[in-house]
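The block underneath contains the structure these notes are about, expressed in structure tokens.
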Amino acid sequence: MSSKKLITLKTSDGEEFKLDEVVAVRSEVIKNMDFLKMSQSELFDILLAAQSLDDKQLNEVMIQESCDRIKGKPIEEIREVFGIENDYTPTEEEEVRRECLGF
């Protein structure tokens, strides 16, 4: 049986937590990943890998990064980012906007 190496983290108010060193290092690596240099395709590949590995922390980080990239962008730009073709006619699109957005 292998023993896990634990590290102790101490909060600013003095509370201490024991944490597996592997988890702490992984968390630091995730925190320091440079998402700005990653293409949407690379981001999506990492998201798929995180889901396959059932890595909830990395999955959440990748989803948040994807959301941050499209937040506040017009629908046309979002379609471009994700490679989604607009197959609505102008009439259908206007109808959907009225129903969903209250226009």
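The values are calculated or read from the model by the stated rules, or taken from the named source; none is laboratory data. The structure displayed is predicted, hence computed values, not measured ones. Glycine gets a Cβ as well: all are built from the backbone with ideal geometry, and neighbour counts include every protein chain shown.
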Of the residues in the stretch 41-70 that are over 30 Å from residue 7 (Cβ atoms) and of a type in the set (S, T, N, Q), the one that is modelled with the lowest pLDDT is 41
Which one of 73, 18 is outside any helix (DSSP H, G or I) and under 30 Å from residue 5 (Cβ atoms)? 18
Pairs needed: first member in the stretch 53-70, among the hydrophobic types (A, V, I, L, M, F, W, C); second member anywhere, modelled with pLDDT of 90 or more and outside any loop (DSSP other than H, G, I, E, B); C-beta distance under 7 Å; at least 6 residues apart or different chains. 70/78
Long-range neighbours under 9 Å by Cβ, at least six apart or interchain, first residue on the phi > 0 side of the Ramachandran plot within the stretch 75-92, second surrounded by 10 or more Cβ atoms within 10 Å (Cβ to Cβ) and modelled with pLDDT under 90: 83/40
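Name every residue in the stretch 50-86 that is hydroxyl-bearing (Ser, Thr, Tyr) and over 13 Å from the mean Cα position of the chain (by Cα), in order of residue number.
Listed by number, the list holds a single entry, 52.
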Restricting to the stretch 20-40, name every residue that is surrounded by 10 or more Cβ atoms within 10 Å (Cβ to Cβ) and either more than 26 Å from residue 65 (Cα to Cα) or modelled with pLDDT of 75 or more (or both). 20, 21, 22, 38, 40
